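The values are calculated or read from the model by the stated rules, or taken from the named source; none is laboratory data. Small disclaimer: the values here were computed from a predicted structure and weren't measured. In this analysis, Cβ positions are derived from the backbone assuming ideal geometry, glycine residues included, and neighbour counts consider all displayed protein chains.
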């Protein structure tokens, strides 16, 4: 009983701080970048549940202009380079629902100046994760195989090697370019996937992971001990059916020489710009 009261006294300042200070935030990530880990972490930190407005993702009016041109249209709020964009009035409606529910909003929107300004006007921060596009495409392949084939044309291909080539050619450059803008956005708290995975990913330490957790806590206006951050991380990591291994550099186990050649052709320059390679000799 004494131990119970001591725990309450220890954590009361944190809970009191959170009750007084609530930072407005969203989780607008790129697919296959550890989103479900962040959902669990944010739920633990804030006590809020996630709102994924999937009921609004269908039956959206298609655009009549090229995607790149439409990105400049202030009437659109974008949520995928392959799904029709929401109009601003729909986003306003969803935003209102999210506020009423006291939840935090999660979708996968590519970067646009319009959406960045939308968040800035509302003094809202976004949590975004930087991950090697090669690992992302491998993670997506595993998602297709083990969860659901969102792309039926990929499902019809007989082998994983051929599927991977098709996926790289079909979407890797377009998707990478569409999301890169978030990395330099003033409304974003940018996290590093390899550090966020800690020792689980094989390229960082658990101390690195706690460092990323502290970045999240700081962005939320929370002052937490390392012990608390570690508990939240350990509770949040690896749960949910959408989580695989989180291994960094897993593309090396999947890519053959053809895959490497196609990736270099498609996004070799972007891998260098993002800092994942120094040149094309990999």
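Every listed requirement among (1) under 26 Å from residue 233 (Cα atoms); (2) over 13 Å from the mean Cα position of the chain (by Cα) is met by residue 158 save one, (1). Give the residue that is nearest to the chain's Cα centre (by Cα), with candidates limited to residues of region 164-200 that are without any contact (Cβ under 8 Å) to a residue 40 or more places away in the chain and surrounded by fewer than 18 Cβ atoms within 10 Å (Cβ to Cβ). Restricting to residues being without any contact (Cβ under 8 Å) to a residue 40 or more places away in the chain and surrounded by fewer than 18 Cβ atoms within 10 Å (Cβ to Cβ), the top hit is 184. Residues of region 232-282 that are surrounded by fewer than 18 Cβ atoms within 10 Å (Cβ to Cβ), over 18 Å from residue 140 (Cβ atoms) and at pLDDT below 95: 234, 235, 238, 239. For region 43-56, the count of residues that are under 16 Å from the mean Cα position of the chain (by Cα), at pLDDT 95 or above and assigned to a helix (DSSP H, G or I) is nonzero. Taking the conditions exactly as written (in a loop (DSSP other than H, G, I, E, B) and either modelled with pLDDT of 85 or more or farther than 29 Å from residue 220 by Cα (or both)), does residue 69 satisfy them or not? The answer is no for residue 69.
Pick from 208, 160: which is farther than 22 Å from residue 26 by Cα and in contact (Cβ under 8 Å) with a residue 24 or more places away in the chain? Outline the logic, then answer.
Numbers: 208 fails: in contact (Cβ under 8 Å) with a residue 24 or more places away in the chain.
The match here is 160.
Considering (1) surrounded by fewer than 11 Cβ atoms within 10 Å (Cβ to Cβ); (2) under 25 Å from residue 23 (Cα atoms); (3) in contact with a strand residue (DSSP E or B) (Cβ under 8 Å, 6 or more places away or on another chain), the lone condition that residue 96 does not fulfil carries the number (3).
State yes or no: is residue 88 surrounded by 13 or more Cβ atoms within 10 Å (Cβ to Cβ) and touching a residue at least 40 places away in the same chain (Cβ under 8 Å)? No.
In this structure, residue 268 does not satisfy being on the phi > 0 side of the Ramachandran plot and without any contact (Cβ under 8 Å) to a residue 40 or more places away in the chain. Within region 203-212, can one find any residue that is out of contact with any strand residue (DSSP E or B) (no Cβ under 7 Å at 6 or more places or on another chain), buried (at least 21 other Cβ atoms within 10 Å of the Cβ) and closer than 24 Å to residue 111 by Cα? No, region 203-212 contains no residue that is out of contact with any strand residue (DSSP E or B) (no Cβ under 7 Å at 6 or more places or on another chain), buried (at least 21 other Cβ atoms within 10 Å of the Cβ) and closer than 24 Å to residue 111 by Cα. Within region 127-155, being under 19 Å from the mean Cα position of the chain (by Cα), over 15 Å from residue 172 (Cα atoms) and part of a loop (DSSP other than H, G, I, E, B) holds for 147, 148, 150.
Mind checking whether some residue in region 112-126 is crowded, with 22+ Cβ neighbours inside 10 Å and part of a strand (DSSP E or B)?
Filtering region 112-126 for residues crowded, with 22+ Cβ neighbours inside 10 Å gives 115, 126.
Add one more test, that the residue is part of a strand (DSSP E or B), and what stays is 126.
Yes, the conditions are met somewhere in region 112-126.
Report yes if residue 221 is within 30 Å of residue 79 (Cα to Cα), exposed (fewer than 15 other Cβ atoms within 10 Å of the Cβ), in contact (Cβ under 8 Å) with a residue 40 or more places away in the chain and out of contact with any helix residue (DSSP H, G or I) (no Cβ under 7 Å at 6 or more places or on another chain), otherwise no. In short, yes.
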